[in-house]
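A short write-up of the structure that comes next.
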Amino acid sequence: MDAILYVDRTGVQWRYLPHDFPHWNTAYGYFAQWADEGVFVQLNGFSGSFCGRRKDGTPSRRPV
């Protein structure tokens, strides 16, 4: 997951992942599988409940 977030945050190509992460092919394999399964769509929908939004999508008044 850290490698996927690193690619998203920095925009680096998969093949140029630093050696601290798993091999790029392994990281990309997980990303492709999770994308096909809709995991990221579910996470985006789920994160709204933690970002100070009501169920209808409007911002709440309470600080997050």
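In the neighborhood of F31, defined by Cβ-to-Cβ distances under 14 Å, what is the net charge if each Lys or Arg adds +1 and each Asp or Glu adds -1? Taking every Cβ under 14 Å from that of F31, the sum is -2. Multiplying the residue separation of A35 and Q13 by 0.36 nm and subtracting their alpha-carbon distance yields 6.2 nm.
Values in this text are rule-based calculations from the coordinates and carry no lab data. None of these values were measured; they are calculated from a predicted model. Quick reminder, even Gly has a Cβ in these numbers, built from the backbone with ideal geometry, and neighbours come from all protein chains shown.
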